[in-house]
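Step one of this worksheet: look at the structure below.
The values are calculated or read from the model by the stated rules, or taken from the named source; none is laboratory data. Just so you know, these numbers come straight off a predicted model, no measurement behind them. In this analysis, Cβ positions are derived from the backbone assuming ideal geometry, glycine residues included, and neighbour counts consider all displayed protein chains.
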Amino acid sequence: MYQGSCLCGSVTFTARGAARDPAACHCSQCRKQSGHFWAAMQVPDADLSVTGEVRWYAATPAARRGFCPTCGSFLFWKGHDDPDTGIALGALDGPTGLTLARHIFVADKGDYYEIHGGVPQEEQET
Ligand SMILES: [Zn+2]
Ligand SMILES: [Zn+2]
């Protein structure tokens, strides 16, 4: 069970079940929206409950991005026809017990940082 919220607390969420594929995305869209790279885990929609108003923005037809309309926290990523929702790891409350499994879209990462450590890196996403 995971609990989280946006910065102002208007949006809260609970995710049941096991977190899948905690990953950091370095694509330019996630960097623009978050201000750096963005890390998320995947949760089946049936295991996710959200309270509060979420505003969605589709940067491409492939996916939409959910954020709090009050404080702007980037909370969710939802692929078109995807049964899962990506949930921002940074929005989770308390210790998560999670470890990043991979970095994706590293070909698009900013030039002002390096990715250190042994976590696998993927140029795009597989
Ligand atoms: Zn908020
Ligand atoms: Zn991304």
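Go through (1) away from ligand 1 (no atom under 16 Å from the Cβ); (2) on the phi > 0 side of the Ramachandran plot for ALA19 and report which single condition fails.
(2)
Can you tell me how many residues within the range 79-95 are of a type outside the set (Asp, Glu), touching a residue at least 60 places away in the same chain (Cβ under 8 Å) and in a loop (DSSP other than H, G, I, E, B)?
Here is the first cut: in the range 79-95, the ones of a type outside the set (Asp, Glu) are 79-80, 83, 85-92, 94-95.
The next check asks that each one be touching a residue at least 60 places away in the same chain (Cβ under 8 Å); those that pass are 87-89, 91-92, 94.
If we keep only those that are in a loop (DSSP other than H, G, I, E, B) too, we end up with 94.
Residues in the range 79-95 being of a type outside the set (Asp, Glu), touching a residue at least 60 places away in the same chain (Cβ under 8 Å) and in a loop (DSSP other than H, G, I, E, B): 1 in total.
Taking ARG31 as the residue in question, decide whether it is closer than 30 Å to GLY117 by Cα, modelled with pLDDT under 95 and either within 16 Å of ligand 1 (Cβ to nearest atom) or within 14 Å of the chain's Cα centre (by Cα) (or both). I'd like the intermediate steps shown before the answer.
Values: closer than 30 Å to GLY117 by Cα: yes; modelled with pLDDT under 95: no; either within 16 Å of ligand 1 (Cβ to nearest atom) or within 14 Å of the chain's Cα centre (by Cα) (or both): yes.
It is false that ARG31 is closer than 30 Å to GLY117 by Cα, modelled with pLDDT under 95 and either within 16 Å of ligand 1 (Cβ to nearest atom) or within 14 Å of the chain's Cα centre (by Cα) (or both).
Check GLY79 against each of (1) closer than 26 Å to ILE115 by Cα; (2) away from ligand 2 (no atom under 16 Å from the Cβ); (3) small (Gly, Ala, Ser) and name the one condition it does not meet.
Exception for GLY79: condition (2).
State whether the residues of the range 37-53 include one that is modelled with pLDDT of 95 or more, within 16 Å of ligand 2 (Cβ to nearest atom) and surrounded by fewer than 14 Cβ atoms within 10 Å (Cβ to Cβ).
The answer is no, given that none of the residues of the range 37-53 is modelled with pLDDT of 95 or more, within 16 Å of ligand 2 (Cβ to nearest atom) and surrounded by fewer than 14 Cβ atoms within 10 Å (Cβ to Cβ).
Determine whether LEU98 is in a loop (DSSP other than H, G, I, E, B) and under 17 Å from PHE13 (Cβ atoms). Lay out the reasoning, then the answer.
Numbers: in a loop (DSSP other than H, G, I, E, B): yes; under 17 Å from PHE13 (Cβ atoms): yes.
Spelling it out, LEU98 is indeed in a loop (DSSP other than H, G, I, E, B) and under 17 Å from PHE13 (Cβ atoms).
Can ALA19 be described as away from ligand 2 (no atom under 16 Å from the Cβ), closer than 14 Å to GLY97 by Cα, in contact (Cβ under 8 Å) with a residue 40 or more places away in the chain and aliphatic (A, V, I, L, M)?
Details: away from ligand 2 (no atom under 16 Å from the Cβ): yes; closer than 14 Å to GLY97 by Cα: yes; in contact (Cβ under 8 Å) with a residue 40 or more places away in the chain: yes; aliphatic (A, V, I, L, M): yes.
The answer is yes for ALA19.
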